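Just below is one structure, and these are the notes that go with it.
Since every read-out is calculated from the coordinates, none of them should be taken as a lab result. Here the structure is a predicted model, which means the values were calculated and not measured. Virtual Cβ from ideal backbone geometry, glycine too; neighbours counted across all protein chains shown.
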Ligand code: FAD
């Protein structure tokens, strides 16, 4: 028996484990289905991140364990989505980290909080002003630690120091390797300043505009929740971490105050292995992520009664909201053929050049591999007179929040199409930031070792399709700036389409996910008829369980989701500990 059992040593789980352990008053068990992050080179070298998961932008297999593009990896749950009705019935990988650090150990390290309006909206939706930006900002101070970039360049004007912290636990930095296209990007923000204004900092609560990327990288190496939070407490006697321990369900431990309590969990190391039960004196904290937590709830008899009985599971708490309301950012990579050899494509195609870059990283933690995938990103709104607003109310979190995002990469990035054997490329990736489509996470069966049915239901609404189409038109205006005229040769493939129908067909054929699912165990007001957890993250209708991970965000914020998850977890820890 432990005071607390944390299910999942992922992004949020390790924050909870560390903050509860550092009080010294609690003993904590962390159960993680995956393996250790120790010694996993691709989880340390920033540009090797895509090789950890099945959808890779074609980084050569020399860089890590022999691993061909698209194949399963030992660090991922290797899930795929169900055929997507609005994407030509396609299916594709939906990565989730399965190791210490969870997705923070395999993600692409973009690190920023989203719009202040996302947090204010969360406070409005839940009726808890503690989620408002005014309050949540303070957790930035505990969480992040801005450090110099890997190349040590002067970052003046590339971010606003007063919006950030140098006192927190997680090292983060501005880009650590400059690309030849960086000056063209900045020149475009000057030339087309009305549509693509420069932002001095998209990472401190004001997202609109295009600026320098901030990443969870310190000293040229990935910062994950395992290398930071978990490492800070791993040697304490009051923390036990069990690897290869997959939780198969919550254990029903009777009734308290008329409500079913679940102060235990069952786990096993594999489908044929024996199961073990462990119990918590205080609470079980589910931090298994948007898919894992919703799957465990349903396996435990907490979910939609009709769906559960169709899988021969006895319902203990009938809550139809479990596994519903999933939202995610649709990803659309757009490639242009460019002149010269200044893109990273040559390096990524050539094992000898890649080996030399890896040697440089090993020796000094510098060079192209010490850097993340984009050096610039920006957030934009549809024009307010867009025709779609005649039929769809603006779904953005507020007037300073965005509808779509642009990420600039100096090489071929495209999970849907392999890198051509020749040529240099520019990639402008678009992400749909305020989607109105909602998806589901359902059980395929009552077997905990069978992958759940993941249906993000991408591009199911007119608004989502309209925004993707107009964002493609916008990035073509971006590349039409004089800054690119002597560089870009032309768009690749169907990106050349001009008509609504042509662009829509292109979008349907290429789009996939940027891996930001949330909402499957949404927060809602205490007495709401919908939702899965209350504003203090207690599982509704039960006793002894909280959920702390991406699943509790009721809508996907204007951010790559790790930093919003870290802030939620920091506040959750302070709620639990009462500080
Ligand atoms: P996770 O960090 O996924 O943690 C869940 C943990 O629970 C995992 O360790 C998992 O193995 C474990 N687990 C699950 N089920 C069980 C079970 N039954 N028993 C025991 N353990 C279990 N965000 C960004 O901000 N920037 C990016 O650049 C970015 N890029 C991404 C790229 C990829 C490939 C992926 C996959 C994600 C990316 N994200 C990015 C998203 C971001 O990483 C996630 O939103 C965030 O890390 C989710 O945190 P979490 O705590 O909810 O879940």
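Assorted remarks:
- Here, the stretch 258-327 has an Rg and a Dmax of 13.0, 36 Å when only alpha carbons are counted.
- Taking the longest Cα principal axis of the chain as reference, the axis of helix 11-22 is set at about 50 degrees.
- For the Cα trace of the stretch 313-379, dividing Rg by the Kirkwood Rh returns an Rg/Rh value of 1.29.
- On Cα atoms only, tilt of 182-191 relative to the major axis of the chain in degrees: 80
- Per residue convex hull volume, Cα atoms of the stretch 337-484, in Å³: 196
- Per residue, the chain reaches -6500 deg cm²/dmol at 222 nm when only DSSP H runs of four or more residues are counted, each adding -39500 (n - 2.57).
- Cα gyration tensor shape of the stretch 413-521, rounded if a/c is under 1.5, else prolate or oblate by comparing a/b with b/c: prolate
- For the stretch 230-274 versus the stretch 297-327, the gap between their alpha-carbon centres in whole angstrom: 20
- Extension gain (nm, one decimal) between residue 579 and residue 243, 0.36 nm per residue minus Cα-Cα: 117.9 nm
- Relative exposure of 500, 304, 549, judged by other C-beta atoms within 10 Å (fewest first): 500, 304, 549
- Cα-derived Rg over Rh, computed across the stretch 99-203 with Rh taken as Kirkwood radius: 1.02
- The stretch 394-450 - Debye-derived log10 I(q)/I(0), Cα point model, q = 0.15, 0.16 Å⁻¹: -0.75, -0.78
- Placing a label point 7 Å from the Cα of residue 193 along the Cα-to-Cβ line, the residues of the stretch 343-384 whose backbone N sits under 20 Å from it are 377-381.
- Acute angle (nearest 10 degrees) that the helix 133-143 long axis makes with the longest principal axis of the chain, alpha-carbon atoms: 90
- Computed on the chain, the Cα convex hull volume stands at 141 Å³ per residue.
- Between the stretch 355-382 and the stretch 497-512, the alpha-carbon center distance in angstrom: 30
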